[in-house]
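**Q** Sending over a structure as C-alpha coordinates; questions will come in a sec.
The values are calculated or read from the model by the stated rules, or taken from the named source; none is laboratory data. If you're wondering where the values come from, they're calculated on a predicted model, not measured in any experiment. Here the Cβ positions follow ideal geometry from the backbone for every residue, glycine too, while neighbour counts run over all protein chains shown. Keep in mind that these areas ignore ligands, DNA and RNA; they rest on the heavy atoms of the full protein, side chains included. Shrake-Rupley method; radii C 1.70, N 1.55, O 1.52, S 1.80 Å.
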There are 2 protein chains.
Amino acid sequence: MQQESPKGQAIITAALLVIGDEILSGRTKDKNIGYTAEYLTNIGVDLREVRVVADIEEEIVAAVNALRSKYNYLFTTGGIGPTHDDITADCVAKAFGVALPYHPEAVDILKKRFNGADLNEARMRMTRIPEGGTLVYNKVSGAPGFRIGNVFVMAGIPVVMQAMLDEIAPTLQTGKKMLSESVRADAREGDIGGPLGEVAKAFPDVTIGSYPFIDDKGPNTSIVVRAREEERLSAAVAAVREMLAGVQVSLQK
Amino acid sequence: MQQESPKGQAIITAALLVIGDEILSGRTKDKNIGYTAEYLTNIGVDLREVRVVADIEEEIVAAVNALRSKYNYLFTTGGIGPTHDDITADCVAKAFGVALPYHPEAVDILKKRFNGADLNEARMRMTRIPEGGTLVYNKVSGAPGFRIGNVFVMAGIPVVMQAMLDEIAPTLQTGKKMLSESVRADAREGDIGGPLGEVAKAFPDVTIGSYPFIDDKGPNTSIVVRAREEERLSAAVAAVREMLAGVQVSLQK
(Lines give C-alpha, C1' and ligand atoms only; values in the text may rest on other atoms or scores of the structure.)
Protein backbone atom coordinates (compact mmCIF):
# COMPACT_ATOMS: atom_id res chain seq x y z
CA MET A 1 0.00 0.00 0.00
CA GLN A 2 2.17 2.82 -1.27
CA GLN A 3 0.90 6.29 -0.59
CA GLU A 4 1.78 9.48 -2.41
CA SER A 5 2.35 12.80 -0.70
CA PRO A 6 0.82 15.96 -2.21
CA LYS A 7 3.85 16.63 -4.41
CA GLY A 8 4.15 13.06 -5.65
CA GLN A 9 6.98 12.08 -3.33
CA ALA A 10 6.39 8.56 -2.03
CA ILE A 11 5.53 8.12 1.63
CA ILE A 12 6.99 4.89 2.94
CA THR A 13 5.21 3.28 5.88
CA ALA A 14 6.27 0.61 8.34
CA ALA A 15 5.11 -1.38 11.33
CA LEU A 16 7.10 -2.99 14.12
CA LEU A 17 6.15 -6.31 15.71
CA VAL A 18 7.81 -7.01 19.07
CA ILE A 19 7.66 -10.71 19.91
CA GLY A 20 8.15 -12.03 23.41
CA ASP A 21 6.45 -13.13 26.63
CA GLU A 22 9.11 -11.27 28.60
CA ILE A 23 7.90 -7.87 27.36
CA LEU A 24 4.25 -8.62 28.18
CA SER A 25 5.09 -9.94 31.65
CA GLY A 26 7.12 -6.82 32.38
CA ARG A 27 10.27 -8.81 33.12
CA THR A 28 12.09 -7.12 30.24
CA LYS A 29 11.47 -3.46 29.48
CA ASP A 30 11.44 -2.97 25.74
CA LYS A 31 14.07 -0.66 24.29
CA ASN A 32 13.53 -1.47 20.62
CA ILE A 33 10.31 0.46 20.01
CA GLY A 34 11.73 3.89 20.82
CA TYR A 35 15.01 3.18 19.05
CA THR A 36 13.34 1.92 15.87
CA ALA A 37 10.82 4.77 15.87
CA GLU A 38 13.52 7.42 16.00
CA TYR A 39 15.76 5.58 13.51
CA LEU A 40 13.04 5.14 10.88
CA THR A 41 11.83 8.74 11.25
CA ASN A 42 15.39 9.93 10.63
CA ILE A 43 15.77 7.98 7.37
CA GLY A 44 12.35 8.90 5.94
CA VAL A 45 10.25 5.86 6.83
CA ASP A 46 7.00 6.50 8.74
CA LEU A 47 6.45 4.06 11.59
CA ARG A 48 2.66 3.80 11.70
CA GLU A 49 1.94 0.98 14.14
CA VAL A 50 3.61 -1.20 16.76
CA ARG A 51 2.33 -4.45 18.21
CA VAL A 52 3.69 -6.58 21.02
CA VAL A 53 2.58 -10.23 21.06
CA ALA A 54 3.46 -13.31 23.09
CA ASP A 55 5.44 -16.38 21.98
CA ILE A 56 2.26 -17.97 20.59
CA GLU A 57 2.32 -19.19 17.00
CA GLU A 58 -1.17 -18.19 15.95
CA GLU A 59 -0.79 -14.69 17.41
CA ILE A 60 2.53 -14.11 15.65
CA VAL A 61 1.32 -15.46 12.30
CA ALA A 62 -1.84 -13.34 12.45
CA ALA A 63 0.10 -10.19 13.34
CA VAL A 64 2.73 -10.76 10.62
CA ASN A 65 0.05 -11.17 7.96
CA ALA A 66 -2.03 -8.22 9.17
CA LEU A 67 0.91 -5.84 9.29
CA ARG A 68 2.85 -6.88 6.19
CA SER A 69 -0.23 -6.37 4.02
CA LYS A 70 -1.05 -2.96 5.48
CA TYR A 71 2.37 -1.23 5.42
CA ASN A 72 5.32 -1.02 3.05
CA TYR A 73 7.62 -2.72 5.54
CA LEU A 74 7.28 -4.85 8.64
CA PHE A 75 10.13 -5.19 11.12
CA THR A 76 10.08 -7.82 13.84
CA THR A 77 12.24 -8.14 16.95
CA GLY A 78 12.77 -11.18 19.14
CA GLY A 79 12.41 -14.94 19.00
CA ILE A 80 15.30 -15.91 16.71
CA GLY A 81 17.63 -17.53 19.25
CA PRO A 82 18.51 -21.22 19.76
CA THR A 83 15.88 -22.26 22.32
CA HIS A 84 12.41 -23.84 22.11
CA ASP A 85 10.67 -20.49 22.77
CA ASP A 86 12.32 -18.92 19.70
CA ILE A 87 9.61 -19.50 17.11
CA THR A 88 9.69 -16.35 14.98
CA ALA A 89 11.27 -17.99 11.90
CA ASP A 90 8.72 -20.83 12.05
CA CYS A 91 5.87 -18.31 12.29
CA VAL A 92 7.11 -16.11 9.45
CA ALA A 93 7.54 -19.18 7.22
CA LYS A 94 3.99 -20.19 8.09
CA ALA A 95 2.68 -16.66 7.41
CA PHE A 96 4.26 -16.78 3.94
CA GLY A 97 3.30 -20.42 3.38
CA VAL A 98 6.87 -21.52 2.66
CA ALA A 99 9.30 -24.14 4.02
CA LEU A 100 11.99 -23.38 6.59
CA PRO A 101 15.20 -25.10 5.40
CA TYR A 102 18.73 -24.66 6.71
CA HIS A 103 20.25 -21.75 4.80
CA PRO A 104 23.74 -22.75 3.47
CA GLU A 105 25.32 -19.34 4.06
CA ALA A 106 23.85 -19.11 7.58
CA VAL A 107 25.28 -22.55 8.31
CA ASP A 108 28.72 -21.40 7.05
CA ILE A 109 28.56 -18.32 9.28
CA LEU A 110 27.82 -20.38 12.39
CA LYS A 111 30.44 -23.00 11.44
CA LYS A 112 33.05 -20.26 11.62
CA ARG A 113 31.84 -19.29 15.11
CA PHE A 114 31.23 -22.75 16.58
CA ASN A 115 33.41 -25.73 15.81
CA GLY A 116 32.45 -29.38 16.05
CA ALA A 117 30.00 -30.36 18.73
CA ASP A 118 29.33 -26.73 19.65
CA LEU A 119 27.30 -26.35 16.47
CA ASN A 120 24.58 -28.49 17.98
CA GLU A 121 20.94 -28.89 16.98
CA ALA A 122 19.90 -25.91 19.10
CA ARG A 123 22.33 -23.54 17.37
CA MET A 124 21.44 -25.03 13.98
CA ARG A 125 17.89 -23.77 14.63
CA MET A 126 19.29 -20.29 14.06
CA THR A 127 20.28 -21.19 10.47
CA ARG A 128 16.72 -22.01 9.40
CA ILE A 129 15.52 -19.28 7.03
CA PRO A 130 12.11 -19.24 5.28
CA GLU A 131 12.46 -20.29 1.63
CA GLY A 132 13.17 -17.26 -0.54
CA GLY A 133 14.53 -15.28 2.37
CA THR A 134 17.89 -13.49 2.35
CA LEU A 135 20.22 -12.99 5.32
CA VAL A 136 20.54 -9.89 7.44
CA TYR A 137 24.10 -9.97 8.76
CA ASN A 138 24.85 -9.63 12.43
CA LYS A 139 28.29 -8.29 13.25
CA VAL A 140 27.68 -8.56 16.98
CA SER A 141 26.81 -12.19 17.69
CA GLY A 142 26.97 -13.88 14.28
CA ALA A 143 23.57 -15.55 13.96
CA PRO A 144 21.82 -13.67 11.15
CA GLY A 145 18.35 -12.23 10.86
CA PHE A 146 16.59 -12.36 7.52
CA ARG A 147 14.37 -10.62 5.02
CA ILE A 148 11.50 -12.23 3.19
CA GLY A 149 9.22 -10.12 1.02
CA ASN A 150 8.69 -6.85 2.86
CA VAL A 151 9.36 -8.39 6.28
CA PHE A 152 12.64 -7.94 8.17
CA VAL A 153 13.25 -10.31 11.08
CA MET A 154 15.69 -9.02 13.71
CA ALA A 155 17.00 -10.14 17.07
CA GLY A 156 15.47 -8.93 20.33
CA ILE A 157 18.67 -8.01 22.14
CA PRO A 158 18.94 -4.26 21.55
CA VAL A 159 22.63 -4.14 20.60
CA VAL A 160 22.11 -6.92 18.03
CA MET A 161 18.84 -5.43 16.75
CA GLN A 162 20.57 -2.09 16.26
CA ALA A 163 23.42 -3.67 14.27
CA MET A 164 20.87 -5.46 12.07
CA LEU A 165 18.94 -2.24 11.46
CA ASP A 166 22.19 -0.65 10.26
CA GLU A 167 22.52 -3.51 7.74
CA ILE A 168 18.92 -3.16 6.60
CA ALA A 169 18.65 0.65 6.32
CA PRO A 170 20.64 1.10 3.07
CA THR A 171 18.37 -1.45 1.34
CA LEU A 172 15.12 0.35 2.19
CA GLN A 173 13.12 2.56 -0.10
CA THR A 174 12.70 5.79 1.81
CA GLY A 175 10.30 8.67 1.41
CA LYS A 176 10.60 12.38 1.94
CA LYS A 177 11.67 12.81 5.51
CA MET A 178 9.19 14.22 7.99
CA LEU A 179 10.65 17.50 9.24
CA SER A 180 9.93 18.60 12.78
CA GLU A 181 10.26 21.72 14.91
CA SER A 182 9.43 22.16 18.59
CA VAL A 183 8.12 25.41 20.02
CA ARG A 184 8.13 26.05 23.76
CA ALA A 185 4.73 27.58 24.54
CA ASP A 186 5.44 29.12 27.96
CA ALA A 187 1.76 28.50 28.67
CA ARG A 188 -0.34 25.70 30.09
CA GLU A 189 -1.81 23.32 27.51
CA GLY A 190 -5.38 24.23 28.49
CA ASP A 191 -4.70 27.94 27.91
CA ILE A 192 -3.69 27.44 24.30
CA GLY A 193 -5.93 24.51 23.31
CA GLY A 194 -8.55 26.63 21.53
CA PRO A 195 -6.28 28.86 19.42
CA LEU A 196 -3.87 25.98 18.71
CA GLY A 197 -6.77 24.00 17.31
CA GLU A 198 -7.51 26.91 14.96
CA VAL A 199 -3.92 26.91 13.71
CA ALA A 200 -4.12 23.14 13.17
CA LYS A 201 -7.30 23.58 11.12
CA ALA A 202 -5.60 26.23 8.99
CA PHE A 203 -2.74 23.80 8.20
CA PRO A 204 -4.45 20.49 7.40
CA ASP A 205 -1.31 19.20 5.65
CA VAL A 206 0.83 19.84 8.75
CA THR A 207 0.72 17.72 11.91
CA ILE A 208 0.68 19.77 15.10
CA GLY A 209 1.08 17.96 18.42
CA SER A 210 0.79 19.40 21.91
CA TYR A 211 2.75 17.85 24.79
CA PRO A 212 2.49 19.12 28.35
CA PHE A 213 5.54 19.03 30.59
CA ILE A 214 6.55 20.40 33.96
CA ASP A 215 9.87 22.07 34.71
CA ASP A 216 11.10 24.26 37.57
CA LYS A 217 9.02 27.19 36.29
CA GLY A 218 5.83 25.10 36.46
CA PRO A 219 3.44 23.55 33.91
CA ASN A 220 4.38 24.23 30.31
CA THR A 221 3.72 22.91 26.83
CA SER A 222 5.84 21.78 23.95
CA ILE A 223 4.24 22.22 20.55
CA VAL A 224 5.68 19.95 17.88
CA VAL A 225 5.07 20.92 14.27
CA ARG A 226 5.71 18.27 11.61
CA ALA A 227 5.63 18.53 7.83
CA ARG A 228 7.46 17.13 4.82
CA GLU A 229 7.81 20.51 3.06
CA GLU A 230 10.25 23.01 4.56
CA GLU A 231 8.10 26.00 3.62
CA ARG A 232 4.93 24.51 5.09
CA LEU A 233 6.81 23.74 8.31
CA SER A 234 8.08 27.33 8.53
CA ALA A 235 4.65 28.79 7.81
CA ALA A 236 2.97 26.65 10.46
CA VAL A 237 5.68 27.38 13.05
CA ALA A 238 5.25 31.12 12.36
CA ALA A 239 1.49 30.79 12.84
CA VAL A 240 2.02 28.94 16.11
CA ARG A 241 4.38 31.64 17.40
CA GLU A 242 1.95 34.39 16.41
CA MET A 243 -0.87 32.56 18.18
CA LEU A 244 1.27 32.17 21.31
CA ALA A 245 2.10 35.88 21.38
CA GLY A 246 -1.63 36.67 21.28
CA VAL A 247 -2.36 34.21 24.10
CA GLN A 248 0.42 35.72 26.24
CA VAL A 249 -1.13 39.17 25.85
CA SER A 250 -4.62 37.94 26.77
CA LEU A 251 -3.30 36.00 29.79
CA GLN A 252 -1.59 39.14 31.12
CA LYS A 253 -4.85 41.12 31.04
CA MET B 1 -13.62 -14.11 26.26
CA GLN B 2 -13.02 -15.56 29.68
CA GLN B 3 -10.63 -18.48 29.87
CA GLU B 4 -10.39 -21.10 32.55
CA SER B 5 -7.15 -22.47 33.92
CA PRO B 6 -6.78 -26.23 34.51
CA LYS B 7 -8.13 -26.02 38.06
CA GLY B 8 -11.09 -23.81 37.17
CA GLN B 9 -9.48 -20.59 38.35
CA ALA B 10 -10.32 -17.80 35.95
CA ILE B 11 -7.53 -16.38 33.82
CA ILE B 12 -8.09 -12.68 33.23
CA THR B 13 -6.59 -11.23 30.07
CA ALA B 14 -5.89 -7.67 29.01
CA ALA B 15 -4.51 -5.57 26.18
CA LEU B 16 -2.92 -2.13 26.23
CA LEU B 17 -3.42 0.45 23.48
CA VAL B 18 -0.88 3.27 23.45
CA ILE B 19 -2.18 6.25 21.46
CA GLY B 20 0.08 8.96 20.14
CA ASP B 21 2.09 10.22 17.17
CA GLU B 22 4.91 11.15 19.55
CA ILE B 23 5.63 7.49 20.38
CA LEU B 24 5.68 6.43 16.72
CA SER B 25 7.94 9.31 15.70
CA GLY B 26 10.37 8.44 18.48
CA ARG B 27 10.11 11.91 20.04
CA THR B 28 8.71 10.44 23.26
CA LYS B 29 10.02 7.12 24.55
CA ASP B 30 7.13 5.14 25.99
CA LYS B 31 7.32 4.26 29.67
CA ASN B 32 3.76 3.01 30.10
CA ILE B 33 4.09 -0.39 28.42
CA GLY B 34 6.71 -1.78 30.80
CA TYR B 35 5.04 -0.25 33.86
CA THR B 36 1.58 -1.58 32.98
CA ALA B 37 2.96 -5.03 32.08
CA GLU B 38 4.66 -5.43 35.43
CA TYR B 39 1.73 -3.96 37.36
CA LEU B 40 -0.89 -6.22 35.77
CA THR B 41 1.27 -9.33 36.17
CA ASN B 42 1.61 -8.54 39.86
CA ILE B 43 -2.15 -8.31 40.45
CA GLY B 44 -3.07 -11.43 38.45
CA VAL B 45 -4.08 -9.97 35.08
CA ASP B 46 -2.34 -11.38 31.99
CA LEU B 47 -1.28 -8.68 29.53
CA ARG B 48 -1.56 -10.48 26.19
CA GLU B 49 -1.07 -7.78 23.59
CA VAL B 50 0.05 -4.19 23.17
CA ARG B 51 -0.55 -1.90 20.23
CA VAL B 52 0.74 1.58 19.51
CA VAL B 53 -1.27 3.64 17.02
CA ALA B 54 -1.16 7.23 15.76
CA ASP B 55 -3.63 10.05 16.49
CA ILE B 56 -5.84 8.91 13.61
CA GLU B 57 -9.51 8.29 14.34
CA GLU B 58 -10.08 5.24 12.18
CA GLU B 59 -6.93 3.52 13.51
CA ILE B 60 -7.89 4.13 17.14
CA VAL B 61 -11.52 3.03 16.67
CA ALA B 62 -10.44 -0.15 14.87
CA ALA B 63 -7.87 -1.02 17.55
CA VAL B 64 -10.30 -0.34 20.42
CA ASN B 65 -12.91 -2.62 18.88
CA ALA B 66 -10.45 -5.38 17.98
CA LEU B 67 -8.88 -5.47 21.44
CA ARG B 68 -11.94 -4.97 23.65
CA SER B 69 -13.67 -7.93 22.01
CA LYS B 70 -10.65 -10.23 22.29
CA TYR B 71 -9.57 -9.67 25.91
CA ASN B 72 -11.28 -9.24 29.28
CA TYR B 73 -9.95 -5.71 29.65
CA LEU B 74 -8.51 -3.03 27.42
CA PHE B 75 -6.44 -0.18 28.83
CA THR B 76 -5.57 2.86 26.76
CA THR B 77 -2.99 5.58 27.40
CA GLY B 78 -2.75 9.00 25.82
CA GLY B 79 -4.92 11.48 23.97
CA ILE B 80 -7.20 12.77 26.74
CA GLY B 81 -5.79 16.29 27.15
CA PRO B 82 -7.31 19.66 26.13
CA THR B 83 -5.88 20.10 22.62
CA HIS B 84 -7.10 19.26 19.11
CA ASP B 85 -4.85 16.20 18.86
CA ASP B 86 -6.49 14.62 21.95
CA ILE B 87 -9.15 12.49 20.28
CA THR B 88 -9.23 9.33 22.42
CA ALA B 89 -12.61 10.06 24.07
CA ASP B 90 -14.16 10.81 20.68
CA CYS B 91 -12.78 7.56 19.26
CA VAL B 92 -13.89 5.40 22.21
CA ALA B 93 -17.40 6.92 22.01
CA LYS B 94 -17.44 6.11 18.30
CA ALA B 95 -16.19 2.56 18.94
CA PHE B 96 -19.07 2.00 21.37
CA GLY B 97 -21.57 3.89 19.20
CA VAL B 98 -22.55 6.31 21.97
CA ALA B 99 -22.65 10.09 22.44
CA LEU B 100 -19.93 12.09 24.16
CA PRO B 101 -21.65 14.56 26.51
CA TYR B 102 -20.10 16.71 29.23
CA HIS B 103 -20.05 14.59 32.40
CA PRO B 104 -21.48 16.64 35.33
CA GLU B 105 -19.05 15.26 37.91
CA ALA B 106 -16.07 15.81 35.61
CA VAL B 107 -17.23 19.38 35.09
CA ASP B 108 -17.47 19.85 38.88
CA ILE B 109 -13.94 18.50 39.31
CA LEU B 110 -12.48 20.91 36.78
CA LYS B 111 -14.55 23.84 38.17
CA LYS B 112 -12.75 23.34 41.47
CA ARG B 113 -9.36 23.48 39.69
CA PHE B 114 -10.05 26.27 37.22
CA ASN B 115 -12.19 29.28 38.00
CA GLY B 116 -14.01 31.49 35.56
CA ALA B 117 -12.43 32.04 32.19
CA ASP B 118 -9.72 29.45 32.89
CA LEU B 119 -12.32 26.71 32.42
CA ASN B 120 -12.36 27.45 28.72
CA GLU B 121 -13.63 25.36 25.82
CA ALA B 122 -10.30 23.53 25.52
CA ARG B 123 -10.34 22.39 29.15
CA MET B 124 -14.03 21.52 28.90
CA ARG B 125 -13.02 18.98 26.24
CA MET B 126 -11.54 16.96 29.10
CA THR B 127 -14.98 16.63 30.75
CA ARG B 128 -16.53 14.84 27.77
CA ILE B 129 -17.12 11.20 28.71
CA PRO B 130 -18.78 8.59 26.47
CA GLU B 131 -22.39 7.99 27.54
CA GLY B 132 -22.55 5.23 30.14
CA GLY B 133 -18.94 5.77 31.18
CA THR B 134 -17.79 6.29 34.76
CA LEU B 135 -14.90 8.45 35.92
CA VAL B 136 -11.42 7.27 36.83
CA TYR B 137 -10.14 9.82 39.32
CA ASN B 138 -6.82 11.54 38.86
CA LYS B 139 -5.20 12.77 42.04
CA VAL B 140 -2.26 14.24 40.17
CA SER B 141 -3.66 16.70 37.65
CA GLY B 142 -7.44 16.56 38.21
CA ALA B 143 -8.81 15.80 34.75
CA PRO B 144 -10.26 12.30 35.03
CA GLY B 145 -9.93 9.23 32.84
CA PHE B 146 -12.93 6.97 32.41
CA ARG B 147 -14.22 3.45 32.13
CA ILE B 148 -16.82 2.29 29.65
CA GLY B 149 -17.63 -1.41 29.36
CA ASN B 150 -14.35 -3.27 29.69
CA VAL B 151 -12.26 -0.34 28.45
CA PHE B 152 -10.24 1.92 30.76
CA VAL B 153 -9.03 5.20 29.29
CA MET B 154 -5.98 6.70 31.01
CA ALA B 155 -3.66 9.66 30.51
CA GLY B 156 -0.39 9.33 28.64
CA ILE B 157 1.83 11.18 31.12
CA PRO B 158 3.38 8.35 33.15
CA VAL B 159 2.86 9.85 36.62
CA VAL B 160 -0.82 10.48 35.84
CA MET B 161 -1.31 7.10 34.18
CA GLN B 162 0.20 5.39 37.21
CA ALA B 163 -2.14 7.22 39.59
CA MET B 164 -5.11 6.21 37.45
CA LEU B 165 -4.01 2.58 37.39
CA ASP B 166 -3.96 2.66 41.19
CA GLU B 167 -7.60 3.84 41.10
CA ILE B 168 -8.59 1.16 38.60
CA ALA B 169 -6.80 -1.86 40.09
CA PRO B 170 -9.17 -2.50 43.05
CA THR B 171 -12.13 -2.62 40.65
CA LEU B 172 -10.64 -5.31 38.39
CA GLN B 173 -11.51 -8.97 38.42
CA THR B 174 -8.18 -10.73 38.79
CA GLY B 175 -7.12 -14.30 38.15
CA LYS B 176 -4.67 -16.60 39.81
CA LYS B 177 -1.36 -14.81 39.70
CA MET B 178 1.34 -16.12 37.39
CA LEU B 179 4.26 -17.19 39.59
CA SER B 180 7.77 -16.86 38.27
CA GLU B 181 11.26 -18.02 39.16
CA SER B 182 14.53 -17.22 37.41
CA VAL B 183 17.42 -19.67 37.23
CA ARG B 184 20.89 -18.53 36.25
CA ALA B 185 22.18 -21.14 33.80
CA ASP B 186 25.93 -20.41 33.89
CA ALA B 187 25.97 -21.65 30.30
CA ARG B 188 25.52 -20.14 26.87
CA GLU B 189 21.99 -20.31 25.48
CA GLY B 190 23.08 -22.47 22.55
CA ASP B 191 24.64 -25.04 24.89
CA ILE B 192 21.39 -25.70 26.74
CA GLY B 193 18.84 -25.19 23.94
CA GLY B 194 18.34 -28.91 23.25
CA PRO B 195 17.90 -30.21 26.81
CA LEU B 196 15.91 -27.13 27.84
CA GLY B 197 13.47 -27.86 25.03
CA GLU B 198 13.03 -31.37 26.44
CA VAL B 199 12.20 -29.95 29.88
CA ALA B 200 9.70 -27.56 28.28
CA LYS B 201 8.04 -30.48 26.49
CA ALA B 202 7.76 -32.40 29.77
CA PHE B 203 5.97 -29.44 31.39
CA PRO B 204 3.41 -28.30 28.81
CA ASP B 205 1.43 -26.41 31.48
CA VAL B 206 4.50 -24.40 32.50
CA THR B 207 6.01 -21.56 30.45
CA ILE B 208 9.79 -21.70 30.21
CA GLY B 209 11.63 -18.76 28.67
CA SER B 210 15.32 -18.46 27.87
CA TYR B 211 17.02 -15.05 27.88
CA PRO B 212 20.68 -14.59 27.02
CA PHE B 213 22.69 -11.91 28.78
CA ILE B 214 26.33 -10.92 29.10
CA ASP B 215 28.07 -10.03 32.35
CA ASP B 216 31.72 -9.73 33.35
CA LYS B 217 32.10 -13.53 33.27
CA GLY B 218 30.91 -13.64 29.65
CA PRO B 219 27.80 -14.91 27.84
CA ASN B 220 25.21 -16.44 30.12
CA THR B 221 21.52 -17.32 30.16
CA SER B 222 18.62 -16.60 32.45
CA ILE B 223 15.91 -19.24 32.42
CA VAL B 224 12.53 -17.94 33.55
CA VAL B 225 9.98 -20.53 34.67
CA ARG B 226 6.35 -19.39 34.97
CA ALA B 227 3.31 -21.26 36.28
CA ARG B 228 0.13 -20.52 38.24
CA GLU B 229 0.49 -23.54 40.57
CA GLU B 230 3.26 -23.38 43.18
CA GLU B 231 3.94 -27.12 42.96
CA ARG B 232 4.19 -27.12 39.17
CA LEU B 233 6.58 -24.18 39.34
CA SER B 234 8.79 -26.00 41.86
CA ALA B 235 8.78 -29.21 39.86
CA ALA B 236 9.74 -27.44 36.64
CA VAL B 237 12.48 -25.41 38.36
CA ALA B 238 13.89 -28.63 39.83
CA ALA B 239 13.88 -30.22 36.37
CA VAL B 240 15.67 -27.20 34.92
CA ARG B 241 18.34 -27.33 37.64
CA GLU B 242 18.85 -31.06 37.09
CA MET B 243 19.17 -30.49 33.36
CA LEU B 244 21.72 -27.71 33.92
CA ALA B 245 23.84 -29.94 36.20
CA GLY B 246 23.95 -32.55 33.42
CA VAL B 247 24.95 -29.96 30.81
CA GLN B 248 27.74 -28.63 33.07
CA VAL B 249 29.19 -32.16 33.39
CA SER B 250 29.06 -32.75 29.62
CA LEU B 251 30.66 -29.33 28.89
CA GLN B 252 33.59 -30.11 31.21
CA LYS B 253 34.38 -33.37 29.39
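**Q** How much net charge surrounds B:Phe152 when only other residues with a Cβ under 13 Å from its Cβ are counted (Lys, Arg +1; Asp, Glu -1)?
**A** With Lys, Arg at +1 and Asp, Glu at -1, the net is 0.
**Q** Once you list every other residue whose beta carbon is under 12 Å from the beta carbon of A:Asp46, what net charge do they have if Lys and Arg are +1 and Asp and Glu are -1?
**A** For residues surrounding A:Asp46, the net value is +3.
**Q** Return the average number of partner chain Cβ atoms within 10 angstrom of each residue Cβ along peptide A:30-40.
**A** Per-residue shielding by partner chains comes out at 4.
**Q** Between beta-carbons, use under 10 Å as the cut-off and find the net charge around A:Arg125, counting Lys and Arg +1, Asp and Glu -1.
**A** Net local charge, A:Arg125 excluded: -1.
**Q** Give me the accessible area buried between chains B and A, both sides summed, with a 1.4 Å probe, in Å² rounded to the nearest 100.
**A** Adding both sides of the contact gives about 4100 Å².
**Q** Quick check: Cα centre of the range B:84-140 to Cα centre of the range A:209-253, how many Å?
**A** 23 Å
**Q** Roughly how many nanometres apart are two label points built 7 Å out from the Cα toward the Cβ at A:Ala235 and B:Ser250?
**A** Result: 7.0 nm between the two label points.
**Q** Taking 0.36 nm per residue of sequence separation and subtracting the Cα-Cα distance, how much length would be gained by fully extending the chain between B:Lys111 and B:Asn150, in nm to one decimal?
**A** Net length gain for the segment: 11.2 nm.
**Q** Between copies, how far does the label point of B:Asn65 sit from its twins, in nm, shortest first, when each point is 7 Å from Cα along Cα→Cβ?
**A** 2.1
**Q** Do the sum for chain B: with -39,500 (n - 2.57) for every DSSP H run of n ≥ 4, divided by all residues, what is the mean residue ellipticity at 222 nm, to the nearest 500 deg cm²/dmol?
**A** Computed ellipticity for chain B at 222 nm equals -12000 deg cm²/dmol.
**Q** How would the range B:160-253 be classified by its alpha-carbon gyration tensor: rounded, prolate or oblate, with rounded meaning a/c under 1.5 and the a/b versus b/c comparison settling the rest?
**A** In terms of gyration-tensor shape, oblate.
**Q** With angles folded into 0 to 90 degrees, how steeply does helix A:189-202 sit against the dominant principal axis of chain A? Use alpha carbons for both and round to 10.
**A** 80 degrees
**Q** Using 26 Å as the Cα-Cα cut-off, could you pick out the over-long pairs in B:Lys31/B:Lys201; A:Lys94/B:Lys31; A:Lys70/B:Lys94; A:Lys70/A:Lys201; A:Lys29/A:Lys139?
**A** Flagged as over cut-off: B:Lys31/B:Lys201; A:Lys94/B:Lys31; A:Lys70/A:Lys201.
**Q** Hey, what's the range B:131-253 come to in accessible area per residue, 1.4 Å probe, Å²?
**A** 47 Å²
**Q** Can you bin the range A:3-171 into rounded, prolate or oblate? Criterion: square roots of the alpha carbon gyration tensor eigenvalues sorted a ≥ b ≥ c, rounded for a/c under 1.5, prolate for a/b above b/c, oblate for the rest.
**A** Prolate shape, in that a/c is at least 1.5 and a/b is the bigger ratio.
**Q** Using a simple charge model, +1 on the beta-carbon of Lys and Arg, -1 on the beta-carbon of Asp and Glu, nothing else, what dipole does chain A show about its Cα centre, in debye to the nearest 20?
**A** 360 debye
**Q** On to the next question. Measure off, as a whole percent, the carbon and sulfur share of the 1.4 Å-probe accessible area of chain B, all protein chains present.
**A** Exposed carbon and sulfur together represent 52 percent of the surface.
**Q** Next up: Find which of B:Pro130, B:Val50, B:Ile148 sits farthest along the positive direction of the dipole of the range B:50-167, computed with +1 on the beta-carbon of Lys and Arg, -1 on that of Asp and Glu, about the Cα centre.
**A** Positive-most Cα among the choices belongs to B:Ile148.
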